[in-house]
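Working notes, beginning with the structure itself.
Throughout, read-outs are computed from the coordinates displayed, never taken from laboratory work. Note that the structure is predicted; figures quoted are calculated from it, not measured. Heads up, the Cβs are rebuilt from the backbone with ideal geometry, glycines too, and the neighbour counts pull from every protein chain shown.
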Amino acid sequence: MRDGSVEVDTGRGSLIFTTASYLPRIHPGLSAYPYFPAPWIAALRVAVEQPDATAYFLEQSAVPFRRTGTDSLIVSPTEANGVILEFTAG
């Protein structure tokens, strides 16, 4: 555990378990954060081979997302059943 969160590497992504107060440090800039009684899965990072193809799929599916850097896409918890869903190149 580090300062209110635990990250579990799944091999191609990671699961982050966190406290509500630590979540904005992991994912700054979101307009809404999930809040559930602890413990909960706050974020799911998924490695994708083609971030641009993933962005295209999300756009075609009318799923709002934002880019962070060149190889990362974030779907907010309001669009992903309460979980911050991050797609990263990998």
Considering only region 5-89, percent of DSSP beta bridges that pair antiparallel, nearest 5: 75
Helix-only [θ]222 nm of the chain, DSSP H runs n ≥ 4, -39500 (n - 2.57) each, per residue, nearest 500: -4000 deg cm²/dmol
Lys, Arg +1 and Asp, Glu -1 on Cβ, resulting dipole of the chain about Cα centre, debye, nearest 20: 220
Segments 56-63, 71-78 sorted - mean Cβ within 10 Å per residue, highest first: 71-78, 56-63
Tilt relative to the chain, helix 51-60 - C-alpha long axis, 0 to 90 degrees, to 10: 80
Expected-Rg normalisation [2.2 N^0.38 Å, Cα atoms] applied to the chain: 1.06
Residues whose placed amide H lies under 5 Å from that of Val46, excluding near-sequence neighbours: Glu86, Phe87, Thr88
Hz values of 3J(HN,Hα) by residue in region 19-29 - Karplus curve (6.51, -1.76, 1.60), Gly and Pro given as x: 8, 4, 6, 8, 3, x, 6, 7, 10, x, x
